[in-house]
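Each remark here refers to the structure printed beneath this line.
The values are calculated or read from the model by the stated rules, or taken from the named source; none is laboratory data. In this text, all values refer to a predicted model and were calculated from it rather than measured experimentally. So basically every Cβ, Gly included, is an ideal-geometry build from the backbone, and we count neighbours across all protein chains shown.
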Amino acid sequence: MLRVGLVSAAEEKARRVLEVGLEGALQESCRARLWTSYAALVDALMDGEEEVAWLPPVAYLRARKRGPVTLLATVERGGKGSYGCVLLGRAGVVNRIEAAEGKRAVWVDPWSAAGYIVPRALIRAAGYNPDAFFSAQSFAGSYASLLSMLTYEQAEVGACYCRLDEQGQPEDGPWFGREDFSLLAHSSPIPGDTLCAGPALSHERLAHLKTVLTGKLPPPALLVVLQATALRPPDQGAYDDFEAKYLDPAGRR
């Protein structure tokens, strides 16, 4: 039985859809379990409690600091295996990065690439220390909550994921087209979410799983849960480059 872990707002529905989809594709039983945080899921993967996990890029990179982790696939959305982030201000209050000094910032989660680590790097690149730049910083837990806090004047600065066009410019995202947000800066591409195997998975099962996930017809139910258009063989170099640029040797921001 394949043991799979995920963190999902869709909760029980996502868990059961994932189980059914993988069971059909692998022709073996599957047990999917929901975890409350990526930190807990990484612990479970590395301790052998889970064999496979759906991890965003930062969680994957922190997992591999702990021991052997194999990249099985990169999640492709909108035809791309990467995404970007935008640093946002509340329109009419913060329309430039320098105007964010002394204001309140809200982020998604300390393990979020687009919702914390990369936008803080954008602030550093503008010449400011993100730890001292704001009057207060908090975590919303989700992008929907973050955007709501900006809208209802609970914060003046935040960040959100986006899709980048071929020129690297933001072209879509939950914030796109809304007049209550101003775009302060945007990032270069961030490598996409991953499906990873921990040390508990045997070499034989590992090879079979790679073939199933990145073949011509990956499990449709899995694509639904991941909100993906496809799964692609991972580009290990993209994650290595992200780690070198955004994470210190201990895997922190």
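Miscellaneous remarks
- Scan of the stretch 87-113 for residues that are under 14 Å from T151 (Cβ atoms) and in a loop (DSSP other than H, G, I, E, B), ordered by number: A91, G92, V93, V94
- Residue in the stretch 80-91 that is in contact with a His (Cβ under 6 Å, 6 or more places away or on another chain), touching a residue at least 12 places away in the same chain (Cβ under 8 Å) and not small (G, A, S) present: yes
- Within the stretch 135-177, the set of residues being of a type in the set (F, W, Y), crowded, with 21+ Cβ neighbours inside 10 Å and either out of contact with any Leu (no Cβ under 9 Å at 6 or more places or on another chain) or closer than 12 Å to V106 by Cα (or both) comprises Y161 only.
- Filtered residue count, the stretch 179-212, keeping only those that are part of a loop (DSSP other than H, G, I, E, B) and either touching a residue at least 24 places away in the same chain (Cβ under 8 Å) or surrounded by 18 or more Cβ atoms within 10 Å (Cβ to Cβ) (or both): 11
- Exclusive hit being assigned by TED's automatic domain parsing to the domain that holds I123 and of a type in the set (A, V, I, L, M), set L206, L213, L164, L223: L164
- Restricting the stretch 58-93 to residues that are more than 18 Å from S187 (Cβ to Cβ) and in contact with a Lys or Arg (Cβ under 7 Å, 6 or more places away or on another chain), the residue that is surrounded by the most Cβ atoms within 10 Å (Cβ to Cβ) is A73.
- Listed by first and then second residue, the pairs with beta-carbon distance under 7 Å, at least 6 apart or on different chains, first residue in the stretch 14-37 and under 17 Å from E49 (Cβ atoms), second modelled with pLDDT of 90 or more and assigned to a helix (DSSP H, G or I), are W35/L41; W35/A44.
- Counting only residues that are under 22 Å from the mean Cα position of the chain (by Cα), part of a loop (DSSP other than H, G, I, E, B) and either at pLDDT 80 or above or among the acidic types (D, E) (or both), the stretch 1-46 holds 5 of them.
- Test for R120: is it of a type in the set (K, R), out of contact with any helix residue (DSSP H, G or I) (no Cβ under 7 Å at 6 or more places or on another chain) and either outside any helix (DSSP H, G or I) or surrounded by 19 or more Cβ atoms within 10 Å (Cβ to Cβ) (or both): no
- Scan the stretch 128-147 for residues that are part of a loop (DSSP other than H, G, I, E, B) and under 16 Å from R90 (Cβ atoms) and the total you get is 3.
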